[in-house]
Amino acid sequence: MRYFILLCICVVFSCKQKEETPKVEAVQEMVSESLLTTIESPSKGKAHLPRLVAQNGVLHMSWVEEEDSLAILKYASYANEKWSSPKTITSGTNWFVNWADFPALAINGETVLTNILQKSAHGTYDYDIKLNLLSNDEVLKSNFLLNTDGISAEHGFVSMKPYDDGFYVTWLDGRHTKNEKKEDNRMTLRAAIVGLDGTIREDTEIDASVCDCCNTAIGITYNGPVVVYRDRSEDAEEIRDTYIVRWEDGTWETPTAVYQDQWKLNGCPVNGPAIDTQAQDVVVAWFTASKEDPRVLVTFSKDNGVSFGDPIRVDMGMAIGRVDTTFLDDGSALVSWLEPKDDAIALQAIRVYQDGHKDAPITITTTSAERASGFPQLEVIGKTVYIAWTDLQGEQSTIELASFEI
């Protein structure tokens with residue numbers, strides 16, 4: 001099944017696991033109301049798919065609002081405890097709007113890059129990636145095509161970061177999924193540079209066989225871009241582990257496993273990894289359910305992603321995933337994820353250190369396990385942690401934001 005969803009997984013703890021299995025009764029902390037500051041969202045009406053980026057002390061957010069059949073991509077920035085007036089970047093009635101394939105966001109100086117997914121044919125998963133450039137609240141270039149293959153197929157799960165005089169962008173590209181030969185029918189991973197003027201160059205395939213519908217993530221190290229994603233083995237075993245591919249000396253290196261979970265899965269869990277970088281340091285967080293044990297793992301690299309330390313388990317025993325991560329000033333990292341807690345689904349966060357120890361996890365809020373609740377977002381400015389998530393009330397959805405000091 002193409003969009004396989006993990007609705008129920010039995011937890012089986014194995015004594016052979018390398019990473020430590022946490023005890024469910026381990027101490028947890030709840031961010032008290034006196035410490036958690038609610039931030040009024042700039043979104044209106046039915047809103048979801050928030051994306052946060054912290055850049056030069058300013059918090060930026062893009063999101064999607066829906067009015068009947070019209071989808072609207074909006075953007076605002078937050079500084080001095082105040083949001084700028086929301087800007088409509090683009091809108092349309094022919095978008096592919098999906099809980100897991102959210103518009104990406106990147107900031108380079110005064111230039112903002114975002115994307116939407118636009119239907120290209122009648123097939124459910126036939127859509128293209130359209131980019132939008134914004135500067136000083138003015139749209140510089142709207143709805144220009146990233147994937148130029150001209151094939152009506154799936155193109156999405158975009159991630160982007162500022163890089164030199166533009167942006168490095170990566171995405172899942174389905175141009176080969178329409179091949180007649182089943183063995184050649186594979187999702188691929190591609191990357192390209194998008195200039196500040198919207199020119200696209202160095203469009204390159206960087207992995208020929210990846211998981212169909214897990215989000216990608218990109219970071220910039222001293223050596224250049226690194227991309228993490230869920231791979232798909234080329235043999236019949238269907239291993240779906242988290243991989244990294246690095247740009248070095250003017251070329252993309254051969255992809256390697258961040259850690260070999262050996263998760264065998266005949267389908268896509270719709271649950272990709274997260275990455276952050278700090279000079280030559282890299283942190284990667286990901287979800288796996290190998291050995292029928294759903295969990296969230298974190299690992300660090302001190303050499304631009306060439307090698308990683310042993311994974312550190314951070315969940316409490318039955319994670320759902322949907323991870324995010326960001327470095328803190330001291331080189332530790334903050335990680336967020338979803339997991340069941342009592343009769344609810346908790347948005348959890350934890351501080352993890354590069355030597356392997358970790359603070360007690362904290363519960364930010366409770367939310368819905370429904371797919372429409374999406375992927376919570378995490379960013380840090382100085383010692384202030386900002387979190388955005390989608391709150392569901394029946395058919396309605398709103399974006400919630402909060403902050404706390406760490």
- Query: Taking other Cβ within 10 Å of each residue's Cβ, how do R201, R230, R186, R51 sort, fewest first?
  - Reply: R201, R186, R51, R230
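Once R0 is set to 30 Å, what does the formula 1/(1 + (r/R0)^6) return for the Cβ-Cβ distance between D249 and N185, expressed as a FRET efficiency to the nearest 0.05?
Plugging the Cβ-Cβ distance into 1/(1 + (r/R0)^6) gives 0.35.
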- Checked the range 259-406 with the C-alpha gyration tensor, a ≥ b ≥ c its square-rooted eigenvalues, rounded below a/c of 1.5, otherwise prolate if a/b is larger than b/c and oblate if not; verdict oblate
- Take every Cα pair under 8 Å in the range 47-325 that's 6+ residues apart, average their separations, divide by the length, and report that relative contact order as a whole percent. 9 percent
- When the Cα centres of the range 276-296 and the range 305-380 are compared, how far apart do they sit, in Å? 10 Å
- Query: What FRET efficiency do you get for H357 and E292 if R0 is 41 Å and r is their Cβ-Cβ distance, rounded to the nearest 0.05?
  - Reply: 0.90
- Note on the structure: So for the range 132-212, using the alpha carbon gyration tensor with a ≥ b ≥ c as root eigenvalues (a/c under 1.5 gives rounded; past that, a/b versus b/c decides prolate or oblate), I'd call it prolate
- Item | Cβ-based exposure ranking for V245, V323, in which fewest neighbours within 10 Å come first | V245, V323
- Query: Roughly what would the spin-label model give for A208 and S84, points 7 Å off Cα along C-beta, in nm?
  - Reply: 4.4 nm
- At a Förster distance of 41 Å, what's the computed FRET efficiency of S91 paired with E237, Cβ-Cβ distance as r, to 0.05? 0.40
- Query: With labels modelled as points extended 7 Å from the Cα through the Cβ direction, what inter-label distance (nm, one decimal) is found for L70 paired with N136?
  - Reply: 2.9 nm
- Is the chain rounded, prolate or oblate when judged by the Cα gyration tensor, a ≥ b ≥ c being the square roots of its eigenvalues, rounded requiring a/c under 1.5 and prolate requiring a/b larger than b/c? rounded
- Exposure proxy ranking, count of Cβ atoms within 10 Å, fewest first, for L338, L59: L59, L338
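Laboratory data are not the source of any read-out in this text; all were calculated from the coordinates shown. Here the structure is a predicted model, which means the values were calculated and not measured. Backbone-built Cβ (ideal geometry, glycine too); neighbour counts: all protein chains shown.
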